[in-house]
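Worksheet: the structure to be examined is printed underneath.
The values are calculated or read from the model by the stated rules, or taken from the named source; none is laboratory data. The model shown is predicted, which means the values in this text are computed figures rather than measured ones. All Cβ positions, glycine included, derive from the backbone under ideal geometry; neighbour counts span all protein chains shown.
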């Protein structure tokens, strides 16, 4: 069953949702992680990863358009009640691990740059309560937060110019 129009967002805002999911807090130090693994050939890994993600998103859209349902309904249609339910449970576990990793990364950034002596559980609790308030506001509230998060953090990308002046291209 498709959601009603009050729970949908325009393709313009869907772009911001996808952008925020893929980039998020990882923009702060992705160069170091890529350079550790791939060395000087990191640009090849970035191009391959970008192309493969675009192919996966294209497949997801094709499946969602063909199924005319949400992801849980499509899984139950394709794999049956039990197997589809198991895949849905896998998504719950996956997103739980994703949230734990994301909260820990944000807490680490806050501890390093602003509050080094504050307990991790205090910052984690604050972020989880804040996240709950956003999510309980609905899908459009989450979309608005993603939009504002990109608009407000875009000027911080200008800080990436300073390391580029010291690079050897």
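Residue-by-condition table, conditions (1) in contact with a helix residue (DSSP H, G or I) (Cβ under 7 Å, 6 or more places away or on another chain); (2) closer than 22 Å to residue 154 by Cβ; (3) modelled with pLDDT of 80 or more; (4) part of a helix (DSSP H, G or I):
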| site | (1), (2), (3), (4) |
| --- | --- |
| 13 | yes, yes, yes, yes |
| 39 | no, no, no, yes |
| 42 | yes, no, no, yes |
| 45 | yes, no, no, yes |
| 59 | no, no, yes, yes |
| 62 | no, no, yes, yes |
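I'm trying to understand the selection: among the residues of segment 70-85, which are under 24 Å from residue 7 (Cβ atoms) and in a helix (DSSP H, G or I)?
71, 72, 73, 74, 75, 76, 77, 78, 84, 85
Are any residues in segment 126-141 touching a residue at least 60 places away in the same chain (Cβ under 8 Å) and either surrounded by 13 or more Cβ atoms within 10 Å (Cβ to Cβ) or assigned to a helix (DSSP H, G or I) (or both), and if so, which ones?
Within segment 126-141, 139, 140 meet the criteria.
Which of (1) closer than 22 Å to residue 14 by Cα; (2) more than 17 Å from the chain's Cα centre (by Cα); (3) surrounded by 10 or more Cβ atoms within 10 Å (Cβ to Cβ) is the odd one out, the single condition residue 99 does not satisfy?
(2)
When you scan segment 101-120, how many residues do you find that are assigned to a helix (DSSP H, G or I) and touching a helix residue (DSSP H, G or I) at 6+ places or on another chain (Cβ under 9 Å)?
Residues meeting the conditions: 11.
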